[in-house]
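For reference, the structure discussed in these notes is given below.
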Amino acid sequence: VTEVASEAPKSPAASVSSPNFGGKVLLITKDYLGEGNEELGRTLMKTFMFCLAESDVKPSKIYFINSGVKMVTEESPHLENLKNLVEAGVDIAACGICLDFYGLKEKVAVGPLLIFMPLRKRCSQNRW
């Protein structure tokens with residue numbers, strides 16, 4: 001999990017009606033956390049996503065690339081937490097090239113597809 005960018009704080013008026021966002025953009029680059037045992041890493045990622053979904057302060061956006069795109073598909077153990085994040089106002093998107101590579105493009109269950117080049121631009125400009 002990598003923090004890509006911080007966004008400017010929301011105006012006080014905007015924060016009254018919306019959840020508290022930390023202004024962070026997260027880049028999920030694989031479907032497990034850490035190095036070493038991948039099974040343990042998947043358990044850690046599931047715990048991390050649960051904690052993120054339950055947190056009072058959420059990121060504004062989460063981008064999934066490489067094997068991280070497996071997390072947004074139909075059979076993912078992360079779907080409930082990701083859907084809760086979307087319902088809370090977090091923007092989620094997965095890399096289309098990566099989904100193609102893993103043969104998962106037709107199995108996306110949460111978030112739109114993201115074309116990689118605009119991702120770089122969006123991250124550098126803090127735009128969705």
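The values are calculated or read from the model by the stated rules, or taken from the named source; none is laboratory data. Everything numeric in this text was worked out from a predicted model, so none of it was measured. Quick reminder, even Gly has a Cβ in these numbers, built from the backbone with ideal geometry, and neighbours come from all protein chains shown. To get the accessible areas, we keep the full protein, side chains included, count just its heavy atoms, and leave off ligands, DNA and RNA. Shrake-Rupley method; radii C 1.70, N 1.55, O 1.52, S 1.80 Å.
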Condition check for Ala88: of a type outside the set (Asp, Glu) and out of contact with any Phe, Trp or Tyr (no Cβ under 7 Å at 6 or more places or on another chain): yes
Sort out which residues of region 65-107 are over 13 Å from the mean Cα position of the chain (by Cα) and of a type in the set (Val, Ile, Thr), and write them in order of number. Ile97
Given (1) surrounded by 12 or more Cβ atoms within 10 Å (Cβ to Cβ); (2) modelled with pLDDT of 95 or more, where does Cys51 come up short, assuming only one miss? (1)
When you look at Ser17, is it modelled with pLDDT under 95 and not hydrophobic (A, V, I, L, M, F, W, C), yes or no? yes
Has region 35-46 got any residue that is of a type outside the set (Phe, Trp, Tyr), at pLDDT 95 or above, open to solvent by less than 20 Å² (accessible area, probe 1.4 Å) and assigned to a helix (DSSP H, G or I)? yes
Filtered residue count, region 86-107, keeping only those that are open to solvent by 40 Å² or more (accessible area, probe 1.4 Å) and of a type in the set (Val, Ile, Thr): 2
